[in-house]
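Encoded as structure tokens, the structure appears first; notes follow it.
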Amino acid sequence: MYLRKKIALTRYILFCVLSVLSYVHGQSYTLSGTLTAADTQEPLLGVTVYAEGTSKGTVTNNYGVYALILPKGNYRIVYQNLGFSPQVLTLSLNKDQTRNVALQPQQEELDEVVVTEDIERIRLRSPEMSVNRLSAQSIRQTPVVLGESDILKTIQLLPGVSSAGEGASGFNVRGGGADQNLILLDEATIFNSSHLFGFFSVFNTDAIKDVQLYKGGMPAMYGGRAASVLRIDQKEGAKDRIRVNGGIGLVSSRGLIEGPLGKGSFLFASRGTYAHLFLKALDEPNSAYFYDLNTKITLPINKKNRFLLSGYFGRDVVSFDSTFKNTYGNTVVNVRLNTLFSNRVFGNLSLIYSDYYYGLALDFVGFDWDSGIQNLNVKYDINYTVSERLKLNTGVQATYYSFNPGFIRPLTPESGFVDNQLQKKYAAEGSLYLDVSQELSPALAIRYGVRVNQFNRLAQSGLLRYNNDAPIEFNQTLNIYQQGEALGFFEKNQSTAKFINVEPRVTLAYRTQKSAWKASYQRVHQYLHLISNTTSPTPLDVWTTSGKYLKPQRADQWAAGFATERANGNSFEAEAFFKTTQNRYDYIDGAELVANEALEQILLAGEARAYGLELLFKKTEGNITGIAAYTLSRAEQQTPGLSKNDPGINKGMWYTSAYDKTHDLSISLNYKASKRWEWNANFIAQTGQPITYPTGQYSFMNARIPNYGTRNGQRLPSFHRLDVAATLTPSKNAARKVKRSWVFGLYNIYNRKNASTISFRQDAETGKNQAYRLSIFGIVPSVTYNIRF
């Protein structure tokens, strides 16, 4: 009933908007169709389609569908995309026409051919900003540790994107936390994006078709996270024949098979590490490995409808000395129905299941720990090309959440533990959005929209009720925080909470022939909170929901920028941004997060702000290509106390966020030396990560207790690193059915000992306190052998 009401409301709003905004252009017609790769017949997204000699153009949507409305006349229609030979279609448009176009991939010997319009080109003519698009090809060219191409490491080369350090999981966008990124794999939410605590990402590049990162100017169809959206689309699979590719590396291997399935296609990919096998051979008791599986099936029902099924399953297993075993990972399934209602209207219905599981077995303590978060999501989206100047996107979404903070299970009767299920939490969220792209004049375009959310914390038993609704109090005598006075529990029907919020979005673009000025504003609410006392996510971090005591985060971001490009393939972007986030929670000193059923007793609400300048230079033509990115930014938080007598965190003053990187420079270069050799190099230099050092200590009952100064008042040493890789493609490859290549890499080529953390302990001989730096990686060589046929 709830979903039917949302769909009915969506239809009503769409009808009203069309009644007001739709207008008829005399003798205008629609050219529409689907863009595919000529060899695999797989749909291509992000392909540029435009009428030569005019300002009229569009790009294919995420399913390869396009619609271009033009006045009656004769045209040369150009189709261009990175890695494919451009195609020109001459036609007389005097009625609506459907033209499905297959683009020919560029042959290996033609890699130097220039394509000026490509999937990573800045979209000067579109009212969007703070968006970066990456192809799987550019990701595979990036040198990374242990030879495994990595989406997350590649996006960290972009301005405004960083991480908490070497080996850290997740990523940070414009001063936001890793939990503030909405990560979507074929529209399904990924809650943990890293394998082996950050050494690898969960995304198999072989199975990926496209990557889009929204740092600002977020379209209204996205919501629920305060910092960014990372959308990753999987390939649909080849439709012409069975194709296989894979790679064998020093510590990991991968494989993919794809091909036709009736009139549709299938894809299956797998990946895994085997370093633990070497450890077993050496009788080493420790072990660490991961594996993941990707799959996708596409079946056409008829000319107007397609069925798609995609899935992902991944697991990490880490154990130490047979006394500690950690198992965690994601599972997602998405069932979709694409419908082409007409040459102007496209619809997509999705039913999505997402699960994140975390398990911990501690033999030396005597218990197992299982926790996780699940959601079930149903959504319907409609794309409508109203006219050559007006496009509408609208949709409705409903999501159900189930949080399991933890279930403790004793391993033996002698352990002293009993079965204990921490209080589960449940929530539901409904969203409705409308997104409009409109050309106001040949030089001025605008994209505006609104998203309406309703979030409900569902009824549960066991929710504590506090005196004066204060779950946390400040004890002035002891100068510490303590839990509020509990008055018992709420009745189940009184434990609910409801939040309704409106999120406006707008992006304005003023463009000339080779440059554009852009500005944007967005408001986003985040109803889920990741409670952590580390700078990067770990599997044991606690996800919880907004409710009676924890309010939703609200982020407002303003951005302005300039972009230009030249005929020689060089482009330049500059963006300035300012962002504020309300209800950004921070933990009190001495907080205990694990197995805590009353997190509201250790959290204080604060305000975060971030501002900065981002510069990006790209060279896309010639034997030497690459990017140079620089970010100058500041990320801070203020967490005041509960009253005038309560100083709060850091005495209520602004302090540096754990994700602040004042300076962030990255350079990535690709050099096509010959048909056989290609060289790649990355250089990264960043301000050190903020950290809190002890400033003194005192003795209590023969124990030394440290005193800490300003939160995040110090920094780790500056971070910098140079990586290089070389790809060797045998000259006989062109005549072979089986294509082969070798990739040789050196990660951290000058062996920089970047600090992952610095700890302090007392020297046993001198009795003095010593600082110890932990560095994860020195120089790391890698070799990978790739094949495809």
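Those residues that are open to solvent by 40 Å² or more (accessible area, probe 1.4 Å), within 17 Å of S759 (Cα to Cα) and not charged (D, E, K, R), I need them from the stretch 712-728; list them, please.
G713, Q714, P717, S718
Based on this model, can you work out whether E600 counts as open to solvent by 20 Å² or more (accessible area, probe 1.4 Å), under 24 Å from I480 (Cβ atoms) and free of Cβ contacts under 8 Å to residues at least 24 places away in the same chain?
Criteria not met by E600.
Residue by residue through the stretch 295-316, note down the ones that are under 23 Å from the mean Cα position of the chain (by Cα) and surrounded by fewer than 18 Cβ atoms within 10 Å (Cβ to Cβ).
L309, F313
Take the residues in the stretch 448-464 that are open to solvent by less than 50 Å² (accessible area, probe 1.4 Å) and assigned to a strand (DSSP E or B); name whichever of them is farthest from Y401 (Cα to Cα).
Top of the filtered list is G449.
Of the numbered conditions (1) within 30 Å of G626 (Cα to Cα); (2) open to solvent by less than 50 Å² (accessible area, probe 1.4 Å), G696 satisfies every one except a single condition; which is it?
Failed condition: (1).
Kindly indicate whether A470 is more than 30 Å from A497 (Cα to Cα) and open to solvent by less than 30 Å² (accessible area, probe 1.4 Å).
No; evaluated as a whole, the condition is false for this residue.
Conditions: (1) farther than 30 Å from P219 by Cβ; (2) of a type in the set (A, V, I, L, M); (3) crowded, with 17+ Cβ neighbours inside 10 Å. A445 meets all but one. Number of the miss?
Tallying (1) farther than 30 Å from P219 by Cβ; (2) of a type in the set (A, V, I, L, M); (3) crowded, with 17+ Cβ neighbours inside 10 Å, A445 fails exactly one: (1).
Among (1) at pLDDT 95 or above; (2) crowded, with 17+ Cβ neighbours inside 10 Å; (3) of a type in the set (S, T, N, Q), which single condition is T580 missing?
The single condition T580 does not satisfy is (2).
Out of the residues in the stretch 412-432 meeting the condition of being free of Cβ contacts under 8 Å to residues at least 60 places away in the same chain and over 18 Å from L463 (Cβ atoms), tell me which one is least open to solvent (accessible area, probe 1.4 Å).
My answer is S415.
Which residues, taken from the stretch 631-655, are in contact with a Gly (Cβ under 6 Å, 6 or more places away or on another chain) and assigned to a strand (DSSP E or B)?
T631, L632, S633, A635, Q637, Q638, T639
Could you check the stretch 536-577 and list, in sequence order, the residues that are over 24 Å from S371 (Cβ atoms), open to solvent by 40 Å² or more (accessible area, probe 1.4 Å) and at pLDDT below 80?
The answer is R566, A567, N568.
How many residues does the stretch 340-354 contain that are open to solvent by 20 Å² or more (accessible area, probe 1.4 Å) and part of a strand (DSSP E or B)?
5
Which ones in the stretch 355-392 are touching a helix residue (DSSP H, G or I) at 6+ places or on another chain (Cβ under 9 Å), open to solvent by 30 Å² or more (accessible area, probe 1.4 Å) and outside any strand (DSSP E or B)?
Residue satisfying the conditions is V365 alone.
May I ask you to say which residue of A658, A591, A628, A610 is assigned to a loop (DSSP other than H, G, I, E, B), over 26 Å from N467 (Cβ atoms), of a type in the set (A, V, I, L, M) and touching a strand residue (DSSP E or B) at 6+ places or on another chain (Cβ under 9 Å)?
Residue meeting the stated conditions: A658.
Out of contact with any Cys (no Cβ under 9 Å at 6 or more places or on another chain) and closer than 20 Å to V436 by Cβ: which single residue out of V378, V386 fits that description?
Just one listed residue meets the conditions, V386.
Checking the condition modelled with pLDDT of 90 or more and touching a Gly at 6+ places or on another chain (Cβ under 8 Å), which residue from F268, F290 passes?
F290 is the lone residue from the list that is modelled with pLDDT of 90 or more and touching a Gly at 6+ places or on another chain (Cβ under 8 Å).
Would you mind finding the one in G165, G223 that is open to solvent by 10 Å² or more (accessible area, probe 1.4 Å), in contact (Cβ under 8 Å) with a residue 12 or more places away in the chain and closer than 22 Å to P690 by Cα?
G165
The conditions are (1) over 21 Å from the mean Cα position of the chain (by Cα); (2) part of a strand (DSSP E or B), and R584 fails exactly one of them. Which is it?
(1)
Determine whether the stretch 650-670 contains at least one residue that is of a type in the set (V, I, T), closer than 23 Å to A226 by Cα and open to solvent by 10 Å² or more (accessible area, probe 1.4 Å).
Within the stretch 650-670 (the criterion being of a type in the set (V, I, T), closer than 23 Å to A226 by Cα and open to solvent by 10 Å² or more (accessible area, probe 1.4 Å)), the answer is yes, since at least one residue qualifies.
Regarding R609, is this residue within 22 Å of the chain's Cα centre (by Cα), open to solvent by less than 30 Å² (accessible area, probe 1.4 Å), over 24 Å from P127 (Cβ atoms) and not acidic (D, E)?
Judged against the criteria, R609 is not a match.
Sort out for me the strands (runs of 3 or more DSSP E) sitting completely within the stretch 40-102 that have 3 or more residues that are farther than 30 Å from E187 by Cα.
Because the criterion is at least 3 residues that are farther than 30 Å from E187 by Cα, the strands (runs of 3 or more DSSP E) in the stretch 40-102 that meet it are 73-80, 87-93.
Looking only at the stretch 473-490, decide whether some residue is in a loop (DSSP other than H, G, I, E, B), open to solvent by less than 30 Å² (accessible area, probe 1.4 Å) and among the aliphatic types (A, V, I, L, M).
no
Test of understanding: among T142, T205, which residue is in contact (Cβ under 8 Å) with a residue 60 or more places away in the chain, crowded, with 21+ Cβ neighbours inside 10 Å and within 25 Å of T327 (Cβ to Cβ)?
It is T205.
Testing I151 on (1) within 22 Å of S657 (Cα to Cα); (2) surrounded by 22 or more Cβ atoms within 10 Å (Cβ to Cβ), one condition comes back false. Which one is that?
All conditions are met except number (1).
Restricting the stretch 749-774 to residues that are touching a residue at least 60 places away in the same chain (Cβ under 8 Å) and of a type outside the set (A, V, I, L, M, F, W, C), which is nearest to P717 (Cα to Cα)?
N754
Being out of contact with any Phe, Trp or Tyr (no Cβ under 6 Å at 6 or more places or on another chain) and part of a strand (DSSP E or B) is the filter here, so list the residues in the stretch 318-328 that pass it.
Within the stretch 318-328, V318, S319, F320, F324, K325, N326, T327 meet the criteria.
Across the stretch 661-687, what is the number of residues that are of a type in the set (S, T, N, Q), within 21 Å of K739 (Cβ to Cβ) and either part of a strand (DSSP E or B) or in contact (Cβ under 8 Å) with a residue 40 or more places away in the chain (or both)?
The number of residues fulfilling the criteria is 2.
Could you check the stretch 613-625 and list, in sequence order, the residues that are assigned to a strand (DSSP E or B) and of a type outside the set (D, E, K, R)?
L613, L615, L616, F617, I624, T625, listed by residue number.
Is there a residue in the stretch 496-509 that is within 24 Å of T394 (Cα to Cα), without any contact (Cβ under 8 Å) to a residue 40 or more places away in the chain and in a strand (DSSP E or B)?
No, every residue in the stretch 496-509 fails to be within 24 Å of T394 (Cα to Cα), without any contact (Cβ under 8 Å) to a residue 40 or more places away in the chain and in a strand (DSSP E or B).
The values are calculated or read from the model by the stated rules, or taken from the named source; none is laboratory data. Bear in mind that the values here come from a model prediction, so they are computed numbers and not experimental data. Here the Cβ is made from the backbone with ideal geometry for all residues, glycine too, and neighbour counts use every protein chain on show. Side chains included, ligands, DNA and RNA excluded: accessible areas come from the protein's heavy atoms. Shrake-Rupley method; radii C 1.70, N 1.55, O 1.52, S 1.80 Å.
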